[in-house]
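Since the structure comes first, as structure tokens, the remarks are kept for the end.
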Amino acid sequence: MAMAARAAIGGALLAVLTVALPASVVHAQERTEITMTLSPGTVTRGDTVRITAECGTSEATATSLAFPDQTLKSSTSGMVEGEATVAPDTPPGTYAVNVRCTNENFGEAKLVVVNDTGVQTGDGSSLDRRSAALTAIGGGLLTMAAVGLGALAWRRRGPTRS
């Protein structure tokens, strides 16, 4: 009797696997890669990125190491859209942004995070060595120049009339 029970359980298990396996293979084949865009594609820390994807569903999730998971919602254009803010402590580099739709479709794009170096103007000579001594020397030189120009103008003054 034990042998018959084991045979019945084994047969049932085999039947379940033969039905479930092709279903999972078909399900995996239904997943397709979607088109998605990031705007802008290069950002600095703290910037906001707009994510747009052609899911064919009303909702999706965007994941990346550059920002927390974001839910994308359907828009009037028939796509899912959303915004993500790059974390302020994100190191510079290239990050994958993955979108997974509720129908299991997926997409991936690359986001580049760069350092915020500010506006590059001048040679920067006045930035690193600010000190009271340099300010005093500069002020002294300007004062001496003003006194010298004043003396020169006084000497060249025309004759006084009486």
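The values are calculated or read from the model by the stated rules, or taken from the named source; none is laboratory data. The structure displayed is predicted, hence computed values, not measured ones. Neighbour counts are summed over all protein chains in view; Cβ atoms, including those assigned to glycine, are modelled from backbone coordinates with ideal geometry. Keep in mind that these areas ignore ligands, DNA and RNA; they rest on the heavy atoms of the full protein, side chains included. Shrake-Rupley method; radii C 1.70, N 1.55, O 1.52, S 1.80 Å.
Residues of segment 66-85 being of a type in the set (D, E, K, R) and assigned to a loop (DSSP other than H, G, I, E, B), which ones?
Once the filter is applied, which keeps residues that are of a type in the set (D, E, K, R) and assigned to a loop (DSSP other than H, G, I, E, B), segment 66-85 yields only Asp69.
Taking segment 90-138 only, how many residues are at pLDDT below 90 and exposed (fewer than 12 other Cβ atoms within 10 Å of the Cβ)?
24
Of Thr18, Thr42, which residue is open to solvent by 70 Å² or more (accessible area, probe 1.4 Å) and modelled with pLDDT under 90?
Answer to the selection: Thr18.
Condition first: among the hydroxyl-bearing types (Ser, Thr, Tyr), open to solvent by 70 Å² or more (accessible area, probe 1.4 Å) and closer than 18 Å to Glu108 by Cβ. Now tell me which residues in segment 60-89 satisfy that.
If the condition is that a residue be among the hydroxyl-bearing types (Ser, Thr, Tyr), open to solvent by 70 Å² or more (accessible area, probe 1.4 Å) and closer than 18 Å to Glu108 by Cβ, then Thr71 is the only one that fits.
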